[in-house]
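Report on one structure; see the data block that follows.
The values are calculated or read from the model by the stated rules, or taken from the named source; none is laboratory data. Just so you know, these numbers come straight off a predicted model, no measurement behind them. Because the Cβ atoms are built from the backbone with ideal geometry, glycine has one as well, and the counts that use them run over all protein chains shown. Surface areas here come from the heavy atoms of the whole protein model, side chains and all, with no ligands, DNA or RNA. Shrake-Rupley method; radii C 1.70, N 1.55, O 1.52, S 1.80 Å.
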Number of protein chains: 4
Amino acid sequence: MEQPDVDQLRFAQGILASQPFSELIGARITEFGSGRATLEVPIRDDLRQQFGFVHGGVWAYAADNAITFAAGSVLGPKVLTAGVAIDYLRPAREGVLTVTAQVVHSSHRVAVCRADLSVVGDSRLCAVAHGRVQTADPDRRDEPPAAVLVDPGSGTSS
Amino acid sequence: MEQPDVDQLRFAQGILASQPFSELIGARITEFGSGRATLEVPIRDDLRQQFGFVHGGVWAYAADNAITFAAGSVLGPKVLTAGVAIDYLRPAREGVLTVTAQVVHSSHRVAVCRADLSVVGDSRLCAVAHGRVQTADPDRRDEPPAAVLVDPGSGTSS
Amino acid sequence: MEQPDVDQLRFAQGILASQPFSELIGARITEFGSGRATLEVPIRDDLRQQFGFVHGGVWAYAADNAITFAAGSVLGPKVLTAGVAIDYLRPAREGVLTVTAQVVHSSHRVAVCRADLSVVGDSRLCAVAHGRVQTADPDRRDEPPAAVLVDPGSGTSS
Amino acid sequence: MEQPDVDQLRFAQGILASQPFSELIGARITEFGSGRATLEVPIRDDLRQQFGFVHGGVWAYAADNAITFAAGSVLGPKVLTAGVAIDYLRPAREGVLTVTAQVVHSSHRVAVCRADLSVVGDSRLCAVAHGRVQTADPDRRDEPPAAVLVDPGSGTSS
């Protein structure tokens with residue numbers, strides 16, 4: 001991925017736009033490249049739980065997706081997320097959720113990422129997450145990827 | 001929570017129906033009580049990632065919510081989910097997602113749950129998860145609950 | 001690994017005996033095969049924290065090792081543990097720690113395991129854990145295994 | 001904990017010295033205070049697995065203990081570790097293990113920490129970990145602490 005960051009971001013925005021669930025959530029990607037990715041989710045009423053806080057599942061989606069994108073920026077186009085763990089720290093009610101994921105270790109096959117989740121304009125963390133992402137392996141027919149960034153032609157992803 | 005299971009399930013269905021995000025996802029609860037909860041999510045096109053598999057974030061939502069409900073069935077009405085971890089095992093493309101969460105340990109303040117995620121009619125696991133849930137503590141004003149099952153009047157949750 | 005279970009257990013006992021740290025802890029393996037492994041650790045004074053409870057690190061060691069053995073029983077001789085998570089539920093002061101790990105999913109490359117930790121003769125859980133184990137990949141020179149069951153001749157492990 | 005850092009470190013060293021398991025491992029604490037703690041473990045032959053790498057259980061012990069100390073530096077004397085997760089990135093064979101844990105969020109009751117594990121003099125991470133630590137609650141007789149930093153007189157810890 002030798003393109004300048006602006007092209008990388010446009011590339012990532014195209015992938016996000018091709019994820020129907022990310023469209024349903026209303027997520028946008030504002031940073032992508034060099035082992036980092038930032039996703040934002042404007043809070044809407046239909047993202048809440050019964051008392052007006054953003055549902056934990058929205059945070060979990062955002063952490064999962066930001067971690068997958070951050071890893072994809074170093075592992076290349078075909079990756080699958082092996083697992084994600086999230087610790088909830090404080091709820092959010094209004095504003096724009098933001099999650100920045102950062103690769104803390106990567107090889108040519110695996111990346112481990114951490115993510116910080118908060119609300120734009122508020123430095124207090126709402127959650128922290130970490131996850132492990134691997135390159136998709138075409139010969140592992142028993143393990144099609146849980147999340148694949150690109151290459152619709154891949155035998156594992158389509 | 002002394003009511004018979006049918007009342008417990010109706011009670012839980014009412015809570016789920018009051019979660020706008022669960023309505024957006026289209027989740028339903030089919031089992032609730034005695035430390036167990038089962039949620040189902042019929043797969044729809046807008047729950048997919050770019051290659052037609054269910055987005056990992058949908059699985060993460062389902063795990064988080066099932067774990068919170070299972071814990072709530074033993075901890076009582078006011079709980080908050082401290083953290084959830086999910087391992088993705090295989091993707092799903094069609095059918096109805098089902099996640100059953102089971103309390104494996106609980107005290108009067110904390111419950112730890114495991115969850116198995118699969119597709120209805122297919123015994124193969126798509127993911128496994130576990131999570132820790134605590135009772136919400138009204139005097140912890142610095143920690144409003146990330147998820148609260150009931151009691152809209154609670155100072156911590158509204 | 002076609003041998004009868006008794007041979008499998010003897011095989012696993014030989015591997016455990018070749019782990020100096022397991023010898024230091026005083027661990028023994030009492031079950032191995034078909035995706036399951038049970039380790040026991042008799043509580044000794046030098047395994048405690050400052051108030052006489054078994055140190056969390058002893059539980060974490062036992063979970064890590066039992067999970068690696070359980071996975072090795074299905075993945076074959078060369079495996080590495082990618083990650084382990086443990087939830088502490090109640091401390092232990094006397095007796096024999098026991099941890100049983102069970103593979104809940106495996107492919108030819110990856111196994112995900114759960115482990116239950118308790119004290120022999122007491123049905124109450126002291127901790128639960130889960131972990132992901134992969135086959136060691138000789139061509140991944142940047143990732144020698146964190147734990148390898150056998151094959152000292154492997155380029156990745158020696 | 002208003003004392004200067006030097007007193008805080010001496011205080012922490014005294015606690016570590018009172019943990020028989022930490023003595024068995026040969027751990028030392030070199031930083032303590034303001035939400036951070038650093039532990040070191042000189043690699044010895046009896047800390048290895050069968051191929052000469054440090055056993056994953058040693059890393060897990062170090063992560064668990066560093067996280068508990070880091071949290072204790074902000075939560076005060078009586079804490080219990082609820083859970084720890086570790087991702088193994090690369091093994092170590094020689095030198096001194098070092099783990100630095102940092103509180104990323106704390107309230108008056110809970111602290112969430114991240115830890116970086118490596119070998120002294122080598123900037124490459126060998127593992128990353130995170131954990132949740134709570135204040136011990138004397139009235140929770142059903143939940144004596146899994147790890148308590150001080151106060152041997154506490155009803156929950158002795």
What number of residues within the range D:79-100 are under 24 Å from A:Val110 (Cβ atoms), at the interface with another protein chain (Cβ under 7 Å from one of its Cβ atoms) and in a strand (DSSP E or B)? 6
Qualifying position, being in contact with a Gly (Cβ under 8 Å, 6 or more places away or on another chain), open to solvent by 40 Å² or more (accessible area, probe 1.4 Å) and either β-branched (Val, Ile, Thr) or over 12 Å from D:Val79 (Cβ atoms) (or both), among D:Arg93, D:Arg124: D:Arg93
Given the conditions (1) closer than 25 Å to D:Ile67 by Cα; (2) of a type outside the set (Asp, Glu); (3) modelled with pLDDT of 95 or more, report the number of the one that C:Gln50 does not fulfil. (3)
Determine whether the range C:61-78 contains at least one residue that is among the polar types (S, T, N, Q), open to solvent by 10 Å² or more (accessible area, probe 1.4 Å) and not in a helix (DSSP H, G or I). no
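In the set D:Ile43, D:Ile29, which member is of a type in the set (Val, Ile, Thr) and more than 15 Å from D:Ala101 (Cα to Cα)?
That would be D:Ile43, the only listed residue that is of a type in the set (Val, Ile, Thr) and more than 15 Å from D:Ala101 (Cα to Cα).
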Being over 19 Å from D:Val84 (Cα atoms) and either touching a residue at least 60 places away in the same chain (Cβ under 8 Å) or not acidic (Asp, Glu) (or both), is that true of even one residue in the range D:58-65? no
Counting only residues that are among the polar types (S, T, N, Q) and either within 9 Å of chain A (Cβ to nearest Cβ) or not in a strand (DSSP E or B) (or both), which one in the range B:18-31 is surrounded by the most Cβ atoms within 10 Å (Cβ to Cβ)? B:Ser22
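Yes or no: the range D:57-70 includes at least one residue that is in contact with an Asp or Glu (Cβ under 8 Å, 6 or more places away or on another chain) and either hydroxyl-bearing (Ser, Thr, Tyr) or more than 25 Å from C:Arg93 (Cβ to Cβ) (or both).
Scanning the range D:57-70, I find no residue that is in contact with an Asp or Glu (Cβ under 8 Å, 6 or more places away or on another chain) and either hydroxyl-bearing (Ser, Thr, Tyr) or more than 25 Å from C:Arg93 (Cβ to Cβ) (or both), so the answer is no.
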If you check D:Arg114 against the conditions, is it at the interface with another protein chain (Cβ under 8 Å from one of its Cβ atoms), part of a strand (DSSP E or B) and farther than 19 Å from D:Gln13 by Cα? yes
Restricting to the range C:101-110, what's the tally of residues that are in a strand (DSSP E or B) and either within 13 Å of chain B (Cβ to nearest Cβ) or of a type in the set (D, E, K, R) (or both)? 6
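Tell me which residues, restricted to the range C:99-111, are touching a residue at least 40 places away in the same chain (Cβ under 8 Å) and open to solvent by less than 20 Å² (accessible area, probe 1.4 Å). Walk me through it before giving the result.
If we filter the range C:99-111 for residues that are touching a residue at least 40 places away in the same chain (Cβ under 8 Å), which is where we start, we get C:99-103, C:106, C:111.
C:Val99, C:Ala101, C:Ala111 - these are the residues of the range C:99-111 that are touching a residue at least 40 places away in the same chain (Cβ under 8 Å) and open to solvent by less than 20 Å² (accessible area, probe 1.4 Å).
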Considering the range D:32-60 alone, what residues qualify as being facing chain C (nearest Cβ under 10 Å), among the small types (Gly, Ala, Ser) and surrounded by fewer than 24 Cβ atoms within 10 Å (Cβ to Cβ)? D:Gly52
